[in-house]
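**Student:** This is the structure, below, for whatever I ask next.
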Amino acid sequence: MKAGTNLEKVLASGGFAVTAEVGPPRGAVPSVIQRKGELLKPFCDALNVTDNQTAIVRMSSLSGCILLKQLGVDPVMQMVCRDRNRIAIQSDILGAMALGIGNILCLSGDYQSFGDHPTAKSVYDLDSIQLIQMLRQMRDEKKFLSGEKISGEVALFIGAAENPYADPFEYRVLRLARKVKAGADFIQTQAVFDVGKFAKWMEMVTDRRLDKAVHILAGVIPIRSVGMARYMRDKVPGISVPDEIVTRMEDAKDAREEGLKISLEIIGQIKDIPGVHGIHIMAIGWEDIVPTIVERAGLLPRPLM
């Protein structure tokens, strides 16, 4: 299949990809997305727009992606199964393709009980693996899930998320294999803090040669404060933050500078792990630090595709 999106081209060429997240506003102000897009455009190969992350209402991922596309940025549209049935999902995918948005990240979605509408009804007509399968069918067979034909060209670069740290640890590579079999082209992982455990997971990935079948981008979250480090260690399921990192943040004279240093050290180690094809930076509310991270990690200039 001929490479289409910028992200797909970078990965197909064997480059070490850099993506980052753009959080949409809790309102209809386009300048929020536009400012972040202009800031990050020279430093990233593609930018994810989150889809009502943590089940909190925000501007839609599709709208955010359109605003980024207008700036010449390659967007990654996140699509969660929580809020839409198969009819609405396929409709939104057609709309995204019509507007030149080809990267789609398939997610289950955080439970609505975590968000600002805890009594909302979940949909989950499909799970994330079924969503991947449906997108692959739309692309490769040019058919809807119903079996009806899709008119026109269908160009999709299908992504998924994976958590190398969730229990049982041995099962994680099997779940990755299911997503690859379903049709995932690229994977963005949960944030890596425990590099040793991530390296063990990647060893299992490469033993199965899954790194030859899918592009793996390791997640990176820059830490802004001691409180953030403690919160992720103690309260966020699926993130493994070693006590050593929390202690470093506690002892630091400048917490943000120490958090930046930790991120750079982690990226340096990630780059040396066989089978890793890039990083995905999730600078939650701290997008301004992304250019510094990319520059100081030696990841400039980005390839111009």
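Derivation of every value follows stated rules applied to the coordinates shown; laboratory data play no part. All values reported here derive from a predicted model rather than from experimental measurement. Using ideal geometry, Cβ is built from the backbone for each residue, glycine included, and neighbour counts are taken over all protein chains shown.
**Student:** So who's got an amide H within less than 5 Å of the one on Lys143, skipping anything under 5 residues away but keeping other chains? H placed 1.01 Å off N, in plane.
**Tutor:** Met138, Ile150
**Student:** Round to a whole angstrom and tell me the spacing of the C-alpha centers of the stretch 212-265 and the stretch 11-52.
**Tutor:** Distance between centres, Cα-based: 21 Å.
**Student:** Roughly what angle does helix 30-40 make with the longest principal axis of the chain, taking Cα atoms, 0 to 90 degrees, to the nearest 10?
**Tutor:** Value to nearest ten degrees: 60.
**Student:** Ordered by residue, what ³J(HN,Hα) values in Hz, to whole numbers, does the stretch 101-118 give under the Karplus form 6.51 cos²θ - 1.76 cosθ + 1.60, where θ = phi - 60° and Gly and Pro are x?
**Tutor:** Once θ is set to phi - 60°, the couplings for the stretch 101-118 become 9, x, 8, 10, 9, 8, 9, 6, x, 5, 4, 4, 5, 7, x, 8, 10, x Hz.
**Student:** So who's got an amide H within less than 5 Å of the one on Val57, skipping anything under 5 residues away but keeping other chains? H placed 1.01 Å off N, in plane.
**Tutor:** Counting only residues 5 or more places away or on other chains, the set is Asp116.
**Student:** Turning to a different aspect of this structure: Lys and Arg at +1, Asp and Glu at -1: add these up for the other residues within a Cβ distance under 15 Å of Tyr111 and post the number.
**Tutor:** Combined, the nearby Lys, Arg, Asp and Glu give -3.
**Student:** Scan the chain and hand back the longest stretch that contains none of the trypsin sites (Lys or Arg not before Pro) lying in DSSP loops with at most 12 other Cβ atoms within 10 Å. Numbers along the way, then the final one.
**Tutor:** On the way: sites that count: Lys2, Arg26, Lys121, Arg209, Lys253.
The longest such stretch corresponds to 27-120.
**Student:** Please order Val192, Val173 by the number of other Cβ within 10 Å, starting at the fewest.
**Tutor:** Val173, Val192
**Student:** Continuing with this model, one more query. Can you list the residues, at least 5 places off or on another chain, whose amide H is less than 5 Å from the amide H of His215, using H built in the peptide plane?
**Tutor:** Phe186, Ile187
**Student:** To continue, here is another question. Tell me, what ³J(HN,Hα) does each residue in the stretch 145-161 have, in order and in whole Hz, if you take phi through Karplus 6.51 cos²θ - 1.76 cosθ + 1.60 with θ = phi - 60° and put x for Gly and Pro?
**Tutor:** Per residue, the Karplus-derived 3J(HN,Hα) values read 4, 6, x, 5, 6, 9, 7, x, 6, 10, 10, 9, 10, 9, x, 8, 10 Hz.
**Student:** Can you tell me the orientation of helix 195-207 relative to the chain, as the angle in degrees between its alpha-carbon axis and the longest Cα principal axis, to the nearest 10?
**Tutor:** Roughly 40 degrees, rounded to the nearest 10.
**Student:** Would you mind checking the tilt of helix 255-271 against the longest principal axis of the Cα atoms of the chain, expressed as 0 to 90 degrees and rounded to 10?
**Tutor:** It works out to around 60 degrees.
**Student:** Calculate the FRET efficiency for Ser146 and Ala98 from the Cβ-Cβ distance with a Förster distance of 25 Å, rounded to the nearest 0.05.
**Tutor:** It comes out at approximately 0.80.
**Student:** Taking the stretch 124-192, how much of its Cα-Cα pair set, in percent, is spaced more than 13 angstrom apart?
**Tutor:** Counting pairs separated by more than 13 Å, the tail of P(r) holds 66 percent.
**Student:** What do the square roots of 5 times the Cα gyration tensor eigenvalues come to for the stretch 6-296, in whole Å, largest first, as semi-axes of the equivalent ellipsoid?
**Tutor:** Here the semi-axes work out to 29, 22, 19 Å.
**Student:** Among Tyr124, Tyr231, which comes first, then next, by fewest other beta-carbon atoms within 10 Å?
**Tutor:** The fewest-first ordering by Cβ neighbours comes to Tyr231, Tyr124.
**Student:** While we're looking at this one, here's another question. Please list, in order along the stretch 210-224, the HN-Hα scalar couplings obtained from phi with the Karplus expression 6.51 cos²θ - 1.76 cosθ + 1.60 (θ = phi - 60°), rounded to whole Hz, x for Gly and Pro.
**Tutor:** 5, 5, 7, 9, 8, 8, 10, 10, 7, x, 9, 10, x, 8, 8
**Student:** Moving on. Going down the table (Lys9/Lys142; Lys142/Lys181; Lys41/Lys149; Lys36/Lys261), which pairs top 27 Å between alpha carbons?
**Tutor:** Among Lys9/Lys142; Lys142/Lys181; Lys41/Lys149; Lys36/Lys261, the Cα-Cα distance tops 27 Å for Lys41/Lys149.
**Student:** Checking the a/c ratio against 1.5 first, then a/b against b/c, what shape does the Cα gyration tensor give for the stretch 1-122?
**Tutor:** Prolate.
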